[in-house]
Every structure is written in structure tokens, then in C-alpha cells.
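Quick notes on the structure that follows.
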Amino acid sequence: MAARPGIRDVAALSGVSVATVSQILNGRRLERYSDDTRRLVNESAAKIGYKPNSFARGLRTQRSGVIGMVSNQIVTTPYAGKLVLGAQSAAQRDGLVLMVVNSEGNTDTELRAIRSLLQHQVDGVLYAALVKQIVHVPDVLDNTITTVVHGHPSSTNHPAVLSDERDGARRAVRHLLDYGHRRIGFVTTTQVLVAADERLTGYHEALAQSDVQFDPALVKAGETSPQGARQAALELLDRADRPTAIFCFSDHMAMGVYQAASLLGLRIPEDLSVVGFGDLELISAGLMPQLTTVAIPYFDMGAAAVRSVLDRMEQSGGSAAAPSQVLLPCDLVSRASVSAPATQA
């Protein structure tokens with residue numbers, strides 16, 4: 001029986017080193033190699049019928065090549081796709097597979113999902129929230145490399161990858177201030193969330209930095225929906241000293257502000273400027289006029305979380321500690337819903 005083709009056979013046929021073949025076929029450090037070299041190695045492997053022995057590699061490295069991801073809203077949240085794509089992209093660059101499970105917000109389902117990941121001998125876990133909040137990582141993950149994504153872990157045992165929503169809110173309100181607005185309303189959520197606190201803090205800070213006195217009457221809370229925001233916005237706008245601009249907790253809530261403005265005969269942006277938060281393109285680019293908003297870097301958070309897990313895997317035998325927190329910026333996306341106040345136009 002002919003011997004099974006090995007990595008040295010691929011290297012000999014390709015005319016490159018064994019290390020080069022190993023890295024290319026395992027998807028590692030691909031940026032080091034030209035397209036021609038990668039193509040040559042892959043074609044040589046296919047020509048002689050070489051297939052990597054993932055089981056043997058796992059025994060040798062004590063790694064499965066799989067990273068797990070668990071969240072309670074993967075199926076129902078529009079932003080989830082970007083988070084998964086970012087994580088998957090980073091995993092693939094290192095020759096890893098991403099295994100995603102959805103807990104449906106149920107504790108028992110979550111524990112079963114996590115145990116399933118652990119049974120697959122995953123190298124690490126991404127524990128993801130889709131709205132920034134305090135998260136409690138289950139004890140069953142205490143002995144597994146775990147990074148929290150878009151949430152503040154309730155303990156210091158796990159690093160976290162977060163979006164800087166406080167600064168994102170500052171950018172949004174500063175954008176309105178730069179256009180000359182001084183009476184800026186904030187339509188926020190009634191939910192108790194870290195995200196709500198941070199965005200309110202950013203709103204306060206931007207006003208203070210421009211010497212604009214905070215007016216509590218300009219902050220209204222409603223359910224996190226277009227309907228809840230519409231009612232909150234009507235309370236803000238149906239008055240003589242109404243705001244000339246409104247900053248919204250989310251793009252969903254910005255929809256309700258648009259509805260309230262329409263009911264009151266106010267034009268956006270001529271009579272009222274509006275800024276959202278999230279950059280959900282189905283909404284922000286679909287509204288007329290298109291919504292200026294703040295983008296939450298879901299794709300980048302997913303990628304950074306995988307890198308966090310990989311860093312800790314590399315450090316598992318050494319003394320270096322992974323950063324406890326990675327904070328990514330939330331950029332302003334300027335579209336067509338902001339202009340100068342009518343009195344300054």
C-alpha cells in the first residue's frame with residue numbers, strides 16, 4: 001500500500017519549505033505569502049492528494065481549532081450578523097472554525113449550549129451580548145478561555161471587548177452643537193442598561209464641553225421602540241420652547257422621532273435635526289432623509305474578541321497577561337438628517 005502523502009511531499013513538489021506549506025494550508029500568517037505562492041502550495045497539495053490530519057494536529061497542539069460563540073440574541077438581533085462575520089473572519093485568518101450557538105435568552109438552554117461547545121473541546125469561547133449591559137458569565141466557563149463581547153463582565157475573571165458608547169454619544173451631540181444647536185433633546189430608553197447610562201453621560205459631557213446648560217426637561221424616556229420614542233418625542237416637540245435637535249438612544253427610536261415630527265408638521269432637517277445610534281442600515285439608510293447616526297463597531301468587536309482568545313491561548317504557558325478590556329471607537333456616520341437651526345440657517 002502506498003504511503004499517505006505528507007506535508008514534506010507537498011513542500012518538495014512546491015519548492016518551498018515545510019514551514020511555508022504548514023502555514024498556508026492551515027491558514028496562518030497568509031499575509032506573508034504572495035497569491036502565486038499560496039496557489040502553488042494548494043495546487044501541489046491537491047495534485048498529490050494531501051489532506052491535513054486535523055486529529056493528529058489536535059493531539060500534537062492540544063487544540064481543536066474551534067472557537068465557540070454563545071449569545072442570547074444571535075437569531076433575533078439585526079446587528080448580530082456583523083458580530084458573527086467579524087469573529088468568523090478573524091478565526092478563518094488563523095485557520096480556525098467558529099461554532100455559534102443561540103441561547104434564546106433561556107438559562108437552561110444557554111447551559112446546554114455551552115456544555116455542547118465544551119464537549120466539542122473548543123479552544124475558547126466568545127460570550128456575546130448584543131446590547132451593552134452587565135453580563136454574568138456562567139461558572140461552567142471558569143476553566144475555559146472566555147472573552148466577553150459587548151458586555152461588562154460582573155467579575156474580573158474574563159477580559160471584555162467593548163464599544164466606547166460614551167464617546168460615541170459625545171460625538172453625536174458635538175455634531176449637533178457644531179451646527180449651532182443649543183436646545184438638544186435626548187430620547188432614551190426606559191430599560192436599565194449600561195448603554196443607556198453611557199449615552200446619557202456622553203450627552204451631558206458634550207453639552208458641558210460647549211458651556212451649554214443641561215436642561216432635564218429635554219430628556220424623555222420611552223419603550224425601546226418606534227412607538228415609545230414617538231410618544232416621548234411628542235412630549236418634547238409639542239411645546240413653544242421645543243428643542244431644535246434630538247439625539248436618540250437608537251436608530252429604532254429615531255424612527256419614532258421621525259413619526260412625531262411628521263405628525264406635528266415639522267420637516268427634517270429644516271425644522272428638526274435628528275441623530276440616531278447604532279447604524280442599522282435598514283433604518284438609517286432607509287429613512288427619508290437618511291439618518292445621521294453613530295455606528296457601533298460590531299464587526300470589529302467580533303474580530304477583536306477572537307484575537308483576545310488567541311492571545312490568551314498563546315500566553316497560556318507564560319506569565320504575560322492579556323489586556324482586561326479592549327475599547328473600540330463608535331464613529332459618527334453623517335447623512336442628511338442634520339442642518340443648522342432654522343433661526344441660523
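The values are calculated or read from the model by the stated rules, or taken from the named source; none is laboratory data. The shown structure was predicted, so the numbers you read here are calculated from the model rather than taken from an experiment. Using ideal geometry, Cβ is built from the backbone for each residue, glycine included, and neighbour counts are taken over all protein chains shown.
Summary of values
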item: Residue list for segment 281-329, filter: of a type in the set (V, I, T), touching a helix residue (DSSP H, G or I) at 6+ places or on another chain (Cβ under 6 Å) and modelled with pLDDT of 95 or more; result: T293, V294
item: Tally, over segment 211-235, of residues that are hydrophobic (A, V, I, L, M, F, W, C), surrounded by fewer than 22 Cβ atoms within 10 Å (Cβ to Cβ) and either touching a residue at least 12 places away in the same chain (Cβ under 8 Å) or in contact with a Phe, Trp or Tyr (Cβ under 7 Å, 6 or more places away or on another chain) (or both); result: 5
item: Residue in segment 269-280 that is at pLDDT below 95 and either exposed (fewer than 14 other Cβ atoms within 10 Å of the Cβ) or not assigned by TED's automatic domain parsing to the domain that holds D241 (or both) present; result: no
item: Every residue from segment 146-192 that is surrounded by fewer than 24 Cβ atoms within 10 Å (Cβ to Cβ) and on the phi > 0 side of the Ramachandran plot; result: G180
item: Any chance L291 is assigned by TED's automatic domain parsing to the domain that holds A172 and of a type in the set (A, V, I, L, M, F, W, C); result: yes
item: Lone unmet requirement of (1) touching a residue at least 12 places away in the same chain (Cβ under 8 Å); (2) out of contact with any helix residue (DSSP H, G or I) (no Cβ under 6 Å at 6 or more places or on another chain); (3) surrounded by fewer than 16 Cβ atoms within 10 Å (Cβ to Cβ) for T201; result: (2)
item: Residue under evaluation R166, criteria (1) without any contact (Cβ under 8 Å) to a residue 12 or more places away in the chain; (2) closer than 30 Å to M301 by Cα, criterion not met; result: (1)
item: Which numbered condition V309 misses (of (1) in a loop (DSSP other than H, G, I, E, B); (2) buried (at least 24 other Cβ atoms within 10 Å of the Cβ)); result: (1)
item: Subset tally (residues that are under 15 Å from V122 (Cβ atoms), surrounded by fewer than 19 Cβ atoms within 10 Å (Cβ to Cβ) and among the hydrophobic types (A, V, I, L, M, F, W, C)) for segment 73-98; result: 1
item: Hits in segment 247-295 - residues which are of a type in the set (V, I, T) and farther than 18 Å from E198 by Cα; result: V257, I268, V274, I283, T292
